[in-house]
Amino acid sequence: MDKIALGGGCHWCTEAVFQSLNGVDKVQQGFVSSTGNDSAFSEAIIVHFNPSTITLKDLIEIHLYTHKSASNHSMRNKYRSAIYTFSNKQASEANGILEELQINFEEQLITKVFPFNAFKPSLAAFKNYYYNNPKKPFCQNHIDPKIKLLLTKFSKHTKTDLAANFSK
């Protein structure tokens, strides 16, 4: 298993997206920090994945499409658009993938690659938030559209039961 940490807005949303993917063994929801000027914790997830089933490029592409990866707003520090890497090799690969995928977006991506520093898990009550609360307005308004996007644009990567469970 490999791992990558991703910040893309609310960690409830990113957790639900990445839990829905084949090759993802575990998603840890919480707060991640980097080093230096970027040491403030922001909402993020750690994705443990099998690179023979889903590649880092696939994960980054899904990440870029399922949050506002080209949008600056006043809450960007808490909801940083980020890829937190666990090695220099992974950082180099992630930066190359970002450069390659930029052509798919009209606006400039603001997603940054940072070295992973620390992780603080969310409270237990917030873990698996979407799957435990699918009828809550937040889930229907913010997470359902991301799951729909997964099912249309990235269906080859989604778990086979996702469509059946989503339509309930």
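Just so you know, all these numbers are worked out from the coordinates, no wet-lab data involved. Model, not experiment: these values are computed from the prediction. FYI the Cβ positions are ideal-geometry reconstructions off the backbone, even for glycines, and counts take in every protein chain you see.
Annotations for the structure displayed:
- Taking region 105-125 as the range and being within 22 Å of Tyr84 (Cβ to Cβ) and out of contact with any strand residue (DSSP E or B) (no Cβ under 7 Å at 6 or more places or on another chain) as the test, the residues that pass are Phe105, Gln108, Leu109, Leu123.
- Hits in region 1-56 (condition: touching a Ser or Thr at 6+ places or on another chain (Cβ under 7 Å), of a type in the set (S, T, N, Q) and more than 19 Å from Asn133 (Cα to Cα)): Asn22, Ser33, Ser39
- Qualifying residue in region 31-54 (condition: within 21 Å of Leu162 (Cα to Cα), assigned to a helix (DSSP H, G or I) and in contact with a Lys or Arg (Cβ under 8 Å, 6 or more places away or on another chain)): no
- Looking only at region 112-127, residues that are exposed (fewer than 15 other Cβ atoms within 10 Å of the Cβ) and within 16 Å of Trp12 (Cα to Cα) come to 5 in all.
- When Asn88 is tested against (1) touching a residue at least 12 places away in the same chain (Cβ under 8 Å); (2) more than 20 Å from His157 (Cβ to Cβ); (3) surrounded by fewer than 23 Cβ atoms within 10 Å (Cβ to Cβ), exactly one condition is not met: (1).
- Qualifying residue in region 107-120 (condition: outside any helix (DSSP H, G or I), more than 22 Å from Lys148 (Cα to Cα) and hydroxyl-bearing (Ser, Thr, Tyr)): yes
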